[in-house]
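Report on one structure; see the data block that follows.
The values are calculated or read from the model by the stated rules, or taken from the named source; none is laboratory data. On a predicted model such as this, the values are computed, not experimentally measured, just so you know. Every residue, glycine among them, receives a Cβ derived from its backbone with ideal geometry; neighbour counts consider all protein chains shown. In case anyone asks, the SASA skips ligands and DNA or RNA and just uses the protein heavy atoms, side chains included. Shrake-Rupley method; radii C 1.70, N 1.55, O 1.52, S 1.80 Å.
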Amino acid sequence: METLTVGETLTAGETPAVAETLTVDKALALLENAKTVAICSHVNPDGDALGSALALAALLRARGCEVACLLAQDRPAPALYGFLNGYEFLPASSYTATPDLFVALDLPGASRLGDGVAVLDRALHSLCIDHHPNYTGFTDSYYGDEQAAATASLVWDIIKESGITITPDMAAYCYVAVMTDTGRFAYQNTNVRTFLDAAEMVEHGADPTFINTQVYGNKSIPLLRLESRLIERMSFSHDNTTVYSWVEDEDFKELGVSSDDTESLPIILRSIADVKVAALLRAEKDKVRVNLRSRCDCDVGELACRFGGGGHRAASGFTYNGSLDETINVLSEAFEQLVCTDDSQ
């Protein structure tokens, strides 16, 4: 899931389609028939988006395919995952080829594909691999499963189906993706399949201690100061069952924190005792990105959809075009309509 915007938005005219998914063997056949492949995920890519892309690229390159891992925005890939071998991405705006196949990862619609849309439009064929609900039919083919904990779980199935020798790097890419999208195997999307996949990844060389330390246990002093500000700004309501807090662009600039180094922020809010729904707000000029987390039966995905966003029941997001104060008011009203139970406490 994305660090600050989990949901994949649907723009005007972009509606969910009846998703007829390929089987894993048909998805693999489609990938094997392409000689040149461009892979791109959503803007503000998270661990699942990046890990899935790297794993799929490694598989295709092992089969002799020419692959480009693209970024939907003209900005560097998040430094947080720079410890991964072969961590190389190209801005989609710099990619001028016409690939045999364009693979969209970890998003159900084209509205968050950013600069990747131009590559999608000129590709000879396109495939979406995703675990979000509400696939919009924006690609020629679709391989998805809403029950999968992460998009990397689907990529892992493809890798295993391929019959190639699975490398430690492939396993590490997928492990990073699954670990981050499940909040270290703690969110509601964690299931038996998640642990079985993770165990297989470890068997093939993923180092869980090293990966966990790099992502969650390697904080800089400036990041700790940013977390302190987040905690100071927390506001609770509904008998302390809902909480929101915010960070601003100025915070990152003043403290010298990378804007991508925010993996820990939603976790802090979600981990508070008695909290059922948490919201992290990221104020950027004339808009605010809202990241929602639920640890009960509250469907924050439905809440995000009201504002043009989306995601899952337990993790979603949207972007509000307005000031921070306006966003807080809108969010507070939305919280009033949530009905939560304690089944996940």
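Quick check on LEU71: is it over 15 Å from CYS174 (Cα atoms) and of a type in the set (A, V, I, L, M)? Steps first, answer last, please.
Values: over 15 Å from CYS174 (Cα atoms): yes; of a type in the set (A, V, I, L, M): yes.
Here the answer is yes, as LEU71 does meet what is asked.
Residue-level analysis places THR194 outside the set of residues that are open to solvent by less than 30 Å² (accessible area, probe 1.4 Å), β-branched (Val, Ile, Thr) and touching a strand residue (DSSP E or B) at 6+ places or on another chain (Cβ under 6 Å).
Checking each residue in region 40-81 for being acidic (Asp, Glu), within 15 Å of the chain's Cα centre (by Cα) and modelled with pLDDT of 95 or more picks out only ASP48. Against the condition part of a helix (DSSP H, G or I) and either among the aromatic types (Phe, Trp, Tyr) or in contact (Cβ under 8 Å) with a residue 40 or more places away in the chain (or both), how does SER93 come out, does it pass? For SER93, the condition - part of a helix (DSSP H, G or I) and either among the aromatic types (Phe, Trp, Tyr) or in contact (Cβ under 8 Å) with a residue 40 or more places away in the chain (or both) - is not met. Are any residues in region 283-300 touching a residue at least 60 places away in the same chain (Cβ under 8 Å) and part of a loop (DSSP other than H, G, I, E, B), and if so, which ones? Once the filter is applied, which keeps residues that are touching a residue at least 60 places away in the same chain (Cβ under 8 Å) and part of a loop (DSSP other than H, G, I, E, B), region 283-300 yields only ARG295.
Kindly check whether there is at least one residue in region 166-184 that is surrounded by fewer than 18 Cβ atoms within 10 Å (Cβ to Cβ), of a type in the set (Ser, Thr, Tyr) and at pLDDT 95 or above. Yes, that holds for at least one residue. Checking each residue in region 40-68 for being open to solvent by less than 10 Å² (accessible area, probe 1.4 Å), outside any loop (DSSP other than H, G, I, E, B) and touching a Gly at 6+ places or on another chain (Cβ under 9 Å) picks out CYS40, LEU54, ALA57. The condition of being out of contact with any Phe, Trp or Tyr (no Cβ under 8 Å at 6 or more places or on another chain) and modelled with pLDDT of 90 or more holds for only one of GLU302, GLU250, that being GLU250. Scan region 93-104 and give yes if some residue there is within 30 Å of SER264 (Cβ to Cβ) and either surrounded by fewer than 16 Cβ atoms within 10 Å (Cβ to Cβ) or in contact with a helix residue (DSSP H, G or I) (Cβ under 6 Å, 6 or more places away or on another chain) (or both), otherwise no. There is no residue in region 93-104 that is within 30 Å of SER264 (Cβ to Cβ) and either surrounded by fewer than 16 Cβ atoms within 10 Å (Cβ to Cβ) or in contact with a helix residue (DSSP H, G or I) (Cβ under 6 Å, 6 or more places away or on another chain) (or both). Kindly provide the set of residues from region 121-134 that are open to solvent by less than 30 Å² (accessible area, probe 1.4 Å) and within 21 Å of PRO99 (Cβ to Cβ), ordered by number. Of everything in region 121-134, those that are open to solvent by less than 30 Å² (accessible area, probe 1.4 Å) and within 21 Å of PRO99 (Cβ to Cβ) turn out to be ALA123, SER126, LEU127, CYS128, ILE129, ASP130. Considering every residue within region 262-272, establish whether at least one is open to solvent by less than 60 Å² (accessible area, probe 1.4 Å) and among the basic types (Lys, Arg). Yes, region 262-272 contains at least one residue that is open to solvent by less than 60 Å² (accessible area, probe 1.4 Å) and among the basic types (Lys, Arg).
Can you spot a residue in region 112-119 that is under 30 Å from ARG306 (Cβ atoms), free of Cβ contacts under 8 Å to residues at least 24 places away in the same chain and outside any strand (DSSP E or B)? Yes; the residues of region 112-119 include at least one that is under 30 Å from ARG306 (Cβ atoms), free of Cβ contacts under 8 Å to residues at least 24 places away in the same chain and outside any strand (DSSP E or B).
For region 183-202, how many residues are farther than 29 Å from LEU292 by Cβ and free of Cβ contacts under 8 Å to residues at least 24 places away in the same chain? Lay out the reasoning, then the answer.
Within region 183-202, the subset farther than 29 Å from LEU292 by Cβ is 199-200, 202.
Still in the running and free of Cβ contacts under 8 Å to residues at least 24 places away in the same chain: 199.
Total satisfying the criteria: 1.
Would you pick out the residues in region 245-258 that are open to solvent by 40 Å² or more (accessible area, probe 1.4 Å) and among the hydroxyl-bearing types (Ser, Thr, Tyr)? Can you show your working first?
Going through region 245-258, the residues open to solvent by 40 Å² or more (accessible area, probe 1.4 Å) turn out to be 246, 248, 250, 253-254, 256, 258.
Passing the criteria: only SER258.
Scanning region 251-282 for residues that are among the acidic types (Asp, Glu) and in contact (Cβ under 8 Å) with a residue 12 or more places away in the chain, we see that the one that is farthest from ASP181 (Cα to Cα) is ASP251.
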